[in-house]
Amino acid sequence: MRIAVMPGDGIGPEVIAETLRVLDALSLPGLVLIEAEAGGVAYKRHGHPLPDETLEAARSADAILFGAVGDPTCDGLERSLRPEQAILGLRSALGLFANLRPAKLFNGMEDASTLRPEIAQAIDLLIVRELNGDVYFGEKGTRRLADGRRQGWDLMSYAEDEVRRIAHVAFRAAQGRNGRLTSVDKANVLETSQLWREVVIEVSADYPDVTLDHLYVDNAAMQLVRNPGQFDTIVTGNLFGDILSDQASMCVGSIGLLASASLGERTTDHGTFGLYEPIHGSAPDIAGQGKANPLAAILSLAMLLRHSLGLEREALRVEAAVAAALADGVRGGDLGGSDGTRAIGDAVVARL
Ligand code: IPM
Ligand code: MG
């Protein structure tokens, strides 16, 4: 079992260090870790945010454990050299089109949410975000209009097969949950969304046991804070999924708690090849201070164990240890507490 480990930038290395301590505590036999550079750190050392060696390491592995990328000192670089290209490049080069972002309120965390406790306690949803298409990967540029004004432009599009494959992932996910799927689009304005909706409806014929409904993204954003308990599984495009998943994270208390899996079609000996990362970014403002909450990264490891290594029992152990630490009052700064990165890692390891 080979895991490529890419700590990345900012708080990435700190949260990944604690995650590796958790992995170590599981004492899994036959595990090989390959460390690889990605993001601003890779640009500074190799002149590219996603060097060939990193892509090779990724391809040779069963799974990738990813920290975060993003570095404000790289903001002036041309887009193809910015740290974010590392994660976007991996998602696209490796065909990781299905992004699973679960959001569930942990016991005892009702007060951490910015929503009222009785509303927050009902949150148990899964966002299935398409990851290889949309305005993220369309042609883009800046140009001069005839009258001399500058114009920025980005092409949004989805081909039907791209919608179909993510819809299948989402319907299957809904079957494994409460059998309800909400497709989020902006079909009242966008052609891209109109086709999205049509294709999702076509695919629904294969899943008579799943109840499908549709929401416009503005309404979905509103419903997510009004009554998040109404959602089971949500499927949406790359851009809307990016936004709604950050919003969902705050509903459960902190972006420091949300994990993600990015999966494609390639299988491994034990499951599906995938990339696992906390949904938070590199948080340069607190990087290097030992303040970051490593729980989202640790929960991403649990998803890795489950989806890529077929180790469901170990995944549940890690999730239970995180839940127990939170139930015992372990809180990072993101949750109004004072426990540092290392202390939180210790707390999880102790409960394993
Ligand atoms: C995420 C992040 C990325 C995205 C950035 C870092 C490119 O916000 O994984 O949600 O927009 O997809
Ligand atoms: Mg995001």
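The values are calculated or read from the model by the stated rules, or taken from the named source; none is laboratory data. Being a predicted model, the structure only gives us computed values, none of them experimental. Don't worry about glycine lacking a Cβ; one is built from the backbone with ideal geometry, like all the others, and counts go over all protein chains shown. Ligands, DNA and RNA are excluded from the accessible area calculation, which covers all protein heavy atoms including side chains. Shrake-Rupley method; radii C 1.70, N 1.55, O 1.52, S 1.80 Å.
Checking each residue in the range 281-292 for being in contact (Cβ under 8 Å) with a residue 12 or more places away in the chain, open to solvent by 10 Å² or more (accessible area, probe 1.4 Å) and more than 13 Å from ligand 1 (Cβ to nearest atom) picks out Ile286, Ala287, Gly288, Gly290, Lys291. Examine the range 38-51 for a residue that is open to solvent by less than 50 Å² (accessible area, probe 1.4 Å), assigned to a loop (DSSP other than H, G, I, E, B), in contact with a helix residue (DSSP H, G or I) (Cβ under 7 Å, 6 or more places away or on another chain) and without any contact (Cβ under 8 Å) to a residue 24 or more places away in the chain, and state whether such a residue exists. Yes, the range 38-51 has at least one match. Among (1) surrounded by fewer than 24 Cβ atoms within 10 Å (Cβ to Cβ); (2) in contact (Cβ under 8 Å) with a residue 12 or more places away in the chain; (3) more than 30 Å from Gly253 (Cα to Cα); (4) polar (S, T, N, Q), there is one condition Thr54 misses while meeting the rest; what is its number? Thr54 satisfies all of (1) surrounded by fewer than 24 Cβ atoms within 10 Å (Cβ to Cβ); (2) in contact (Cβ under 8 Å) with a residue 12 or more places away in the chain; (3) more than 30 Å from Gly253 (Cα to Cα); (4) polar (S, T, N, Q) except (1). Are there any pairs, at least 6 apart or on different chains, whose C-beta atoms fall under 8 Å, with the first in the range 80-98 and within 16 Å of ligand 2 (Cβ to nearest atom) and the second modelled with pLDDT under 95 and charged (D, E, K, R), and if so, which? Hits for this filter: Arg82/Asp75; Gln85/Arg79.
Residue-wise test of (1) surrounded by 22 or more Cβ atoms within 10 Å (Cβ to Cβ); (2) assigned by TED's automatic domain parsing to the domain that holds Ala68.
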position: Ser92; (1), (2): no, yes
position: Asn107; (1), (2): no, no
position: Glu110; (1), (2): no, no
position: Ser113; (1), (2): no, no
position: Arg116; (1), (2): no, no
position: Arg129; (1), (2): yes, no
position: Gly141; (1), (2): no, no
position: Asp147; (1), (2): no, no
position: Arg150; (1), (2): no, no
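Only one entry in Gly310, Gly253 is assigned to a loop (DSSP other than H, G, I, E, B) and closer than 17 Å to Leu26 by Cα, namely Gly310. Between Gln194, Gln223, the distinction of being away from ligand 1 (no atom under 15 Å from the Cβ), polar (S, T, N, Q) and farther than 24 Å from Asp154 by Cβ belongs to Gln223 only. Residue count for the range 263-280 satisfying the condition of being modelled with pLDDT under 95, within 14 Å of ligand 1 (Cβ to nearest atom) and touching a Leu at 6+ places or on another chain (Cβ under 7 Å): 1.
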